[in-house]
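Working notes, beginning with the structure itself.
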Amino acid sequence: MDSRPSEAELAVKILVAGGFGAGKTTMVASVSEMRPLRTEEQLTERSIGVDDLEGVERKTTTTVAMDFGRITLRTGLVLYLFGTPGQDRFWFMWDELAEGALGAVVLVDTRRLADCFASIDYFERRGLPFIIGVNTFEGAKPYTPEDIRIALDLDPEIPVINCDARSRESTRQVLITLMGHVMTAMARR
């Protein structure tokens, strides 16, 4: 199957960012209509003292470059999803991945909320429209989107949406919300 858009399709580059273990790889894979590209490597003892596994102790792999997937939201609109690496030692990839992106999803794990601040700062500094996807994890205390907005000190126009990164439909709703936010942001310019 040819994954390139036809001439009648609008191809949009979207980033999926967030902290280490927030579910970025899972989100891209759950919604991609093609087999996603993953650049995951096993965590080894070399990551001890470098990667904080508190709250994600069962995590055994990490994205070292990017994840890549594709979804057709509607006829004529194709999203190319680029999942960013979560640890700061791989952030040198972010500028390359962000080149040409129209928007981003910052995926949040409420058990490790502070891990998403770097992603939010990155997109705010660059003026790239983003939304917050609050990923649900078993055993995590539930918070309302307004609680998350306050905790992250977000502007009122930035959407905050609860999601399950494992669910194709939930991820699709996050992407639809992002595209609406991107269109609103573009209309303001």
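Every number here is computed from the coordinates shown, using simple stated rules; none is lab data. No experiment lies behind these values; they were computed from the predicted model shown. All Cβ positions, glycine included, derive from the backbone under ideal geometry; neighbour counts span all protein chains shown.
Which whole-Hz couplings ³J(HN,Hα) result when phi for each residue of the range 69-85 is put into the Karplus expression 6.51 cos²θ - 1.76 cosθ + 1.60, θ = phi - 60°, listed in order with x for Gly and Pro?
x, 9, 9, 8, 6, 7, 3, x, 10, 10, 9, 9, 9, 10, x, 8, x
Using the Kirkwood radius built from alpha carbon pairs, what does the Stokes-Einstein equation give as D for the range 97-172 at 10 °C and 1.306 mPa s, in µm² per second?
123
Using DSSP to define loop residues, name the GluC sites (Glu not before Pro) in the range 76-170 whose beta-carbon has at most 15 other beta-carbon atoms within 10 Å.
Loop-located and lightly packed - 99, 138, 157.
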